[in-house]
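The values are calculated or read from the model by the stated rules, or taken from the named source; none is laboratory data. What you are looking at is a predicted structure, and each value in this text was computed from that prediction instead of being measured. Note: ideal-geometry Cβ built from the backbone for every residue, glycine included; neighbour counts use all protein chains shown.
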Amino acid sequence: MLELEFAEHTDVGRVRDHNEDFMGHFLPSGDAESRTHGWLFAVADGMGGEEKGEVASETAITTLLAGFRAAPRGEAHTVLMPRLVQSANITIYELGRASSPGGSRMGTTLVSCALRYDRVVVSHVGDSRCYLIRHGLASQITRDHTVVAEQVRLGILSEQEAKEASTRHLLSRSLGNDMFVSAEVTDRQVQPDDVLLMCSDGLHGPVTGSEIAEIINWNKDLNVAARKLIALANEKDGGDNVSVQLIRIRAVERMGMYRGRPYKLR
């Protein structure tokens with residue numbers, strides 16, 4: 001049986017006067033629901049330059065959680081998650097159009113991870129990230145959907161130029177901007193002692209992957225590790241809201257697939 005522990009913390013930062021980040025999770029009620037649905041964790045970062053960013057981020061999370069809870073039993077997470085992200089996108093898009101005469105723009109990033117058996121499916125839009133910390137090293141699972149990240153991938157900018165670019169926070173993809181959005185989906189196998197980190201850019205902007213791994217490795221209590229990550233982000237920058245979810249895999253249930261149906265591996 002898949003077993004895990006988690007912690008989540010958010011902070012307004014040293015400069016902002018309100019928090020536009022929002023987080024949420026779904027925990028199965030027992031063994032049966034852990035196999036039919038699994039676990040879900042998600043972080044959203046309302047777009048600071050848009051109207052009602054905090055409403056957009058909360059709407060994204062609540063819509064995602066409600067859809068996950070009501071999903072058909074055993075539906076593949078690789079199919080379910082992009083569908084739920086698109087549902088959240090439409091909800092935010094329509095809410096923005098109806099919120100005032102002439103409508104208003106509402107936008108948010110979203111990163112989510114669904115876990116079941118021995119797999120994690122990460123679905124995201126925007127620049128909120130998911131990292132996998134394994135054997136003391138942090139690897140970034142998600143790709144930032146920003147203009148400069150796209151330019152780096154195309155070879156137009158170097159990594160260093162991207163870090164210094166004035167447009168480094170300009171998103172190329174977000175929820176609520178258009179009626180349809182393309183969510184990126186990644187499927188990975190997880191192992192005991194793996195730690196997944198979900199965060200807004202208030203963390204990964206100032207804090208490097210190696211610093212993230214070091215804090216998690218030295219602080220086995222996930223609540224302590226999350227608070228120290230936020231403290232470091234505020235110490236190095238503090239100009240943005242900071243949200244962190246940490247999920248440690250304690251045990252997995254090895255499964256195979258045959259004609260679309262899972263079966264237990266011995």
Subject >> the range 212-232 - residue that is farther than 10 Å from His9 by Cβ and under 18 Å from the mean Cα position of the chain (by Cα) and, of those, surrounded by the fewest Cβ atoms within 10 Å (Cβ to Cβ) >> reply: Ala213
Original post:
So Glu159 clears everything in (1) among the acidic types (Asp, Glu); (2) in contact (Cβ under 8 Å) with a residue 12 or more places away in the chain; (3) over 30 Å from Glu3 (Cα atoms) except one condition, right? Which one?
Top reply: (2)
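I'd like to check something: does the range 80-90 contain any residue that is in contact with a Lys or Arg (Cβ under 7 Å, 6 or more places away or on another chain) and over 30 Å from Asn219 (Cα atoms)? Spell out how you get there, then give the answer.
Residues of the range 80-90 that are in contact with a Lys or Arg (Cβ under 7 Å, 6 or more places away or on another chain), as a first pass: none.
Scanning the range 80-90 turns up no residue that is in contact with a Lys or Arg (Cβ under 7 Å, 6 or more places away or on another chain) and over 30 Å from Asn219 (Cα atoms).
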Original post:
What number goes with the only condition from (1) at pLDDT below 95; (2) within 12 Å of the chain's Cα centre (by Cα) that Leu95 does not pass?
Top reply: (2)
Original post:
Within the range 176-202, can you find the residues that are buried (at least 19 other Cβ atoms within 10 Å of the Cβ), within 21 Å of Thr59 (Cα to Cα) and in contact with a helix residue (DSSP H, G or I) (Cβ under 7 Å, 6 or more places away or on another chain)?
Top reply: Gly176, Val181, Ala183, Gly202
Original post:
Just wondering, is there one or more residues in the range 109-125 that are at pLDDT 95 or above, of a type in the set (Gly, Ala, Ser), more than 23 Å from Gly209 (Cα to Cα) and out of contact with any Leu (no Cβ under 6 Å at 6 or more places or on another chain)?
Top reply: no
Subject >> Restricting the range 125-142 to residues that are surrounded by 16 or more Cβ atoms within 10 Å (Cβ to Cβ), in contact with a helix residue (DSSP H, G or I) (Cβ under 7 Å, 6 or more places away or on another chain) and not polar (S, T, N, Q), the residue that is nearest to Arg173 (Cα to Cα) >> reply: Val125
Original post:
Taking the condition over 21 Å from Asp187 (Cβ atoms), within 19 Å of the chain's Cα centre (by Cα) and at pLDDT 95 or above, does Thr142 pass?
Top reply: no
